[in-house]
Amino acid sequence: MSRAAIRYAKAILETAVSSGKASQVNDDMKIILNAVDSSADLNQFLSSPIITQDSKMNALTEIFSSVQSETKSLFRLLQENKRFEILAAIATQYNAQFDEMNGVEVANVTTAFAITPELEAKILAKAASISTKKITIQNTVDPSIIGGFILRIGDKQYNASVSNRLQELKREFSN
């Protein structure tokens, strides 16, 4: 993550907070991040050195026509500084800083299959014992863990995966 993205995100968050639109701008950033992540063409378009800054600006104002004025001012700032390629990184940083400001912590949960409501309840219970903040879950599916889950909150990790238990058994038997 670039330091520039962190600085831009902090600046837009301060602007959005002072205008009382931090939550709406957070929604804008989620929309932008989703669009850039799901479209390789958009990502390539924003990072292309051949396409002019004006073309990028026009495209972004067209694609994201319903965003807040604070988000549009970010687009103008990126146009002036020729930094459109870090838009997704700024959106990611904004979301993280917004969550931190509101006492929300993201729990990254890796499961072998899509998360079920029962498993989500178990994970939230475990997360409550690790963190005092409000938890939101971000799920990643990785069939290689076989079953169970791996929970990461900040710099803490709790591994309740079947593959981890098998590795532990393997180590016990090899000694």
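The values are calculated or read from the model by the stated rules, or taken from the named source; none is laboratory data. For clarity, every value in this text was computed on a predicted model and none was experimentally measured. Ideal geometry is used to build each Cβ from the backbone, glycine not excepted, and the neighbour counts take in all protein chains shown. Only protein heavy atoms, including side chains, enter the accessible area calculation; ligands, DNA and RNA are left aside. Shrake-Rupley method; radii C 1.70, N 1.55, O 1.52, S 1.80 Å.
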Taking Kirkwood radius over Cα pairs in Å straight from the coordinates, which label in [x] 18.4; [y] 17.3; [z] 16.7 is the correct one? [x]
Roll a 1.4 Å probe over the protein chains and send me the accessible area per residue for the stretch 20-171 in Å². 56 Å²
Expressed in square angstrom to the nearest 10, the accessible area of residue 106 with a 1.4 Å probe stands at 50 Å²
What percentage of the solvent-accessible surface of the chain, computed with a 1.4 Å probe over protein heavy atoms, is contributed by carbon and sulfur atoms? 52 percent
List 158, 94, ordered by accessible area with a 1.4 Å probe, largest first: 158, 94
How far, in nm, would the chain grow between residue 174 and residue 52 when pulled straight, counting 0.36 nm per residue and subtracting the alpha carbon separation? 37.8 nm
Connecting C-alpha atoms closer than 10 Å in a GNM of the chain, tell me which of 165, 83, 152 has the biggest fluctuation. 165
Can you give the net charge of the other residues whose Cβ lies under 14 Å from the Cβ of residue 18, counting K and R as +1 and D and E as -1? 0
Can you compute the helix-only [θ] at 222 nm over the chain? Use -39500 (n - 2.57) per DSSP H run of at least 4 residues, normalise by all residues, nearest 500 deg cm²/dmol. -19500 deg cm²/dmol
The answer for the net charge of residues other than residue 150 whose Cβ lies under 12 angstrom from its Cβ, with Lys and Arg +1 and Asp and Glu -1, is +3
For the stretch 32-175, compute the number of Lys pairs whose alpha carbons are separated by less than 18 Å, excluding pairs fewer than 8 positions apart on the same chain. 10
Pop a pseudo-label 7 angstrom from the Cα along the beta-carbon direction at both residue 34 and residue 142 and give the gap in nm to one decimal. 2.5 nm
Sort 3, 76 by accessible area with a 1.4 Å probe, largest first. 3, 76
Rounded to the nearest 10 degrees, the helix 22-38 long axis (Cα) sits at an angle to the longest Cα principal axis of the chain of 80 degrees
Please arrange 57, 101 by accessible surface area, largest first, computed with a 1.4 Å probe and ligands excluded. 101, 57
